[in-house]
1. Report the residue count in the range 128-170 for those that are among the β-branched types (Val, Ile, Thr), over 19 Å from Gly205 (Cβ atoms) and not in a helix (DSSP H, G or I).
2. For His176, state whether it is part of a loop (DSSP other than H, G, I, E, B) and surrounded by 16 or more Cβ atoms within 10 Å (Cβ to Cβ).
3. From Pro162, Pro90, Pro83, grab the single residue that is surrounded by fewer than 24 Cβ atoms within 10 Å (Cβ to Cβ), more than 16 Å from the chain's Cα centre (by Cα), under 28 Å from Ala217 (Cα atoms) and at pLDDT below 95.
4. So which of Ala73, Ala26, Ala55 is of a type in the set (A, V, I, L, M) and more than 28 Å from Val178 (Cα to Cα)?
5. Can you find a residue in the range 71-87 that is assigned to a strand (DSSP E or B) and touching a residue at least 40 places away in the same chain (Cβ under 8 Å)?
6. Would you check if Trp48 is hydrophobic (A, V, I, L, M, F, W, C) and at pLDDT 95 or above?
7. Please enumerate the residues belonging to the range 60-70 that are touching a residue at least 24 places away in the same chain (Cβ under 8 Å) and surrounded by fewer than 14 Cβ atoms within 10 Å (Cβ to Cβ).
8. Among the residues of the range 179-197, what is the count of those that are touching an Asp or Glu at 6+ places or on another chain (Cβ under 9 Å) and either buried (at least 24 other Cβ atoms within 10 Å of the Cβ) or β-branched (Val, Ile, Thr) (or both)?
Amino acid sequence: MRLVMWDVDATLLRDRGRCYGAYVSAFTAHTGREFAATLVTGGRTDRWITAEVFAQHGLDPEPPFEAFFARYASEVALLPPGPGPAEALPGAAAVLAALGADPEVVQTLVTGNIAPVAVAKVANVGLDRFLDTTVGGYGDHHEVRAELVRTSRARAEAAYGPFADADVLVVGDTEHDVQAALDCDVVAVGVATGRTSAAELAAAGAHHVLTDLSDTAAALAVLSAPGRPGTRYPSDRP
């Protein structure tokens with residue numbers, strides 16, 4: 001069995017601000033304050049981001065956040081259906097479909113998004129049918145991304161049985177995704193479709209680096225090949 005943990009934004013899709021407006025609306029409704037934060041979101045968890053947002057507004061940066069996250073999820077649920085400005089990235093559907101056809105592969109999400117927002121994003125662009133989102137790791141759980149990997153693996157193993165370290169792959173577009181995989185001694189696969197370049201992903205320690213997912217055969221060669229956590233793969237690195 002193989003467990004593939006996908007990041008969402010800039011790895012599988014571009015939301016293009018669709019859910020950002022819901023976040024801002026939720027913040028104002030929850031706090032009574034106009035939103036005036038400067039966000040750095042790539043590879044970070046919603047719990048991490050929200051602590052920073054609250055601090056920038058002079059609010060307690062360490063509340064539970066559950067009530068705010070519930071309001072955020074409800075605002076996302078009110079968004080009109082259909083992708084609108086959002087879109088799946090080239091090749092994402094084909095790669096997920098090919099992996100999904102293998103009964104020995106479990107695909108899920110490990111993402112900084114809170115769970116209902118992550119599920120809504122992938123559903124909105126038609127990728128949810130390839131994923132078991134019930135065993136994912138999400139940004140409402142912890143600020144540290146490696147903890148999301150550990151949570152997802154524990155959930156997946158409870159549902160499907162044990163996975164070898166070499167058969168757990170974290171796929172993402174930032175150095176945070178790579179570091180989370182390395183911290184958990186599993187396979188880090190970088191995809192250079194975000195703001196982090198292929199060279200930067202390689203320098204961060206990714207075992208494999210893909211330019212994007214548009215070449216299905218190349219992506220499957222990495223995602224289906226035996227992995228060796230902690231070992232660098234020079235042929236895959238730019």
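The values are calculated or read from the model by the stated rules, or taken from the named source; none is laboratory data. Everything quoted here is computed from the prediction, not taken from an experiment. Cβ coordinates were reconstructed from backbone atoms using ideal geometry, including for glycine residues, and neighbour counts include every protein chain displayed.
1. The total comes to 0.
2. Criteria not met by His176.
3. Pro83
4. Only one candidate passes the filter, namely Ala26.
5. For the range 71-87, residues assigned to a strand (DSSP E or B) and touching a residue at least 40 places away in the same chain (Cβ under 8 Å): present.
6. Spelling it out, it is not the case that Trp48 is hydrophobic (A, V, I, L, M, F, W, C) and at pLDDT 95 or above.
7. Glu66, Ala67
8. Summing the residues that are touching an Asp or Glu at 6+ places or on another chain (Cβ under 9 Å) and either buried (at least 24 other Cβ atoms within 10 Å of the Cβ) or β-branched (Val, Ile, Thr) (or both) in the range 179-197 gives 9.
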